[in-house]
Amino acid sequence: MCFFHTSQTKCNCLEVTKIMSLPTKCDYLIIGAGIHGLSTAWHLCKKLSSKGQLKENSVVVLEKSKVANGASGVACGIVRNNYYQPAMRRLMAHSVNVWNENAEALTYKPVGYMQINSELMQEGMSEVYEQQKEIGFDSEFIEGASDCDKYMKDMLPDWQAQGITSVLHEKKTGYGANRGAIEGFHKLAVSAGAKVLEGVTVNNLISSNGSGAVSAAETSEGKIECTQLVVAAGPWVRKFWEILELPNTVNIKKPDGSFTDDIPMWSYMALEEGELEVDPRSYKTANGTEYPVIHVDTEATLVSNKTGDVIHENVMWGFYYKPDVYRDGIQGGSSPYDINKPVNDISLDPYGHDSDEFQPRASFEDKWTSALAFCQKQFDGCHAKYKKQKAGGIGCVTPDRFPVFDRYRENVYIIADANHGYKMAGLGDLVSNELLGEKSEILEPFRFSRYEEGKLHPVSKSPFPWS
Ligand SMILES: Cc1cc2nc3c(=O)[nH]c(=O)nc-3n(C[C@H](O)[C@H](O)[C@H](O)COP(=O)(O)OP(=O)(O)OC[C@H]3O[C@@H](n4cnc5c(N)ncnc54)[C@H](O)[C@@H]3O)c2cc1C
């Protein structure tokens, strides 16, 4: 009989059969089987095993629906290093190594990532490049309109975007399959010894020793005691924040020493994404390699390729695309928008592509296909190939829109990635070190206390809140 399932028949451990009854206790209880919950489980099991401390119920992951049914399973799947914030770059450099070292298991394609910019972004990107060099990250930086144009045309001969004055070309980043990568993490976690139980909803947390530490979780399948709890619930983090009675608002220390008014701890953004129905394998660079991921940030005028109307003028806008062999098309998106509703009125379920409420707006199709045509001549008229389907999803963000990774109530570790996180394949490695008592220098700039200490990350000029 399979160790993880009650099924007597042959089982590959990844099929949802009737789950074994919930264990009554475990050492590490992880809520959420998205990228972070599974990556943490995998790394934790490997480390416990190497210390000879891994037991049957050392690491249990509870998932209310199925593996990859949250944000990780609808992510665009893009992995990059370039962030304006040094702390984010260090975190991403560590994760890019994890992607590359486990490329096959995690469906990773290191096709490269190109950050293509107008003048307004040039200085910031040049700093990013210099710092990438310092940490030994493999990238190339091209500056000046004509050199950029030549570089792009050498690679993509029909390139035609105007007003580009810098290109940062990362060589080892790229993309993965959204669900495929998470299923890869699932396999790695299970084969390392984690128990991943699907269809188990955590409804409440119990503190019983007077210290505030969480001693157990109440779930749809009963109670499970734990020594340490990890909340890796993605956009559902707010529910656990509330149960733990953590503050709904924060006051951020300003450079002059005064504090902001109350700022809500959580808010939500909607990501608009879409696809062209084309054969991704037919898109090659001039030297026959797979396309890199292309991301453009510019304030050039964007004119509709369909109607000739102006879509953007004198504002920064951004978009991205990639021929994606996993989705069998060209997939991409544009800058997200804020969901201006009180957070308690935002329904997360049904989530992602199943949501009727949070789908790309009517304007998205024209904007994204016109941006493709702005960049490459062959995309002239490509709106005819736009797939009419549900896409995108919503993400939960923090007051400064950067991650918060921290410990609360003695034994609760919360992973709140502020929707930056598919690319953070290695976060679980760093979090598992902290769970085992070793502080991570890389995670130090992401503590909750940074708000009251005024230790915020620098802000870039990108139209994306997470650049
Ligand atoms: C449309 C879209 C595109 C994106 N594209 C990218 C990208 O290209 N690159 C990138 O780096 N990032 C991207 N992101 C962000 C990225 O997807 C998220 O930051 C990341 O997947 C979050 O991972 P997670 O493990 O924290 O959460 P999730 O993947 O959401 O996993 C959390 C899990 O917890 C479960 N859960 C919740 N509540 C409970 C409960 N009470 N009991 C049990 N289980 C529970 C959920 O069902 C879910 O499966 C994108 C996000 C969206 C929405």
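Every number in this text was worked out from the coordinates using simple rules, so none of it is lab data. None of the values given here were measured: they were computed from a predicted structure. FYI the Cβ positions are ideal-geometry reconstructions off the backbone, even for glycines, and counts take in every protein chain you see.
Oblate is the label for region 204-307, because the ratio a/c of its alpha-carbon gyration tensor axes (a ≥ b ≥ c) is 1.5 or higher and a/b is not greater than b/c.
Remark: spin-label model distance Thr24-Asp138 equals 5.3 nm, labels positioned 7 Å along the Cα→Cβ axis.
Take the Cα of Glu119, step 7 Å toward its Cβ, do the same at Gln389, and the gap between the two points is 4.1 nm.
Find, among the GluC sites (Glu not before Pro) in region 50-118, those assigned to loop by DSSP (not H, G, I, E, B) with at most 12 other beta-carbon atoms within 10 angstrom. Could you put the intermediate results ahead of the total?
Values: sites: Glu56, Glu63, Glu101, Glu104; in loops: Glu56, Glu104.
In loop regions of region 50-118 (DSSP not H, G, I, E or B), the sparsely surrounded GluC sites (Glu not before Pro) are Glu56, Glu104.
Estimated from helices alone, the mean residue ellipticity of the chain at 222 nm is -7000 deg cm²/dmol (sum of -39500 (n - 2.57) over DSSP H runs with n ≥ 4, per residue). Using the Cβ-Cβ distance between Glu242 and Lys377 with R0 = 56 Å, the FRET efficiency computed as 1/(1 + (r/R0)^6) comes to roughly 0.60. Under the shape rule built on the C-alpha gyration tensor, where the axes satisfy a ≥ b ≥ c, region 23-95 is oblate, since a/c reaches at least 1.5 while a/b does not exceed b/c.
Can you compute the FRET efficiency between Asn203 and Glu357 using 1/(1 + (r/R0)^6), with r the Cβ-Cβ distance and R0 = 22 Å? Round to the nearest 0.05. List each step's numbers first, then the result.
Numbers: r = 24 Å, r/R0 = 1.08.
My answer for the efficiency is 0.40.
What order, most packed first, do the peptides 278-289, 170-181 have when packing is the mean number of other Cβ atoms within 10 Å of each residue?
Working: 278-289: 11.9, 170-181: 23.2.
Highest to lowest by the protection proxy: 170-181, 278-289.
Label reach from Val459 (point 7 Å along Cα→C-beta): in region 71-109, amide nitrogens under 19 Å belong to 83-89. With contacts taken as Cα pairs under 8 Å at a separation of at least 6 residues, the chain carries a relative contact order of 22 percent.
In terms of overall dimensions, the C-alpha atoms belonging to the chain reach 65, 61, 43 Å along their principal axes, ordered largest to smallest. Taking a ≥ b ≥ c as the square roots of the eigenvalues of the Cα gyration tensor, region 291-380 is oblate, since a/c reaches 1.5 or more and a/b is not larger than b/c. Projecting the Cα atoms of Thr298, Tyr408, Asn82 onto the dipole axis of the chain, where Lys and Arg carry +1 and Asp and Glu carry -1 at the beta carbon, places Tyr408 farthest toward the positive end.
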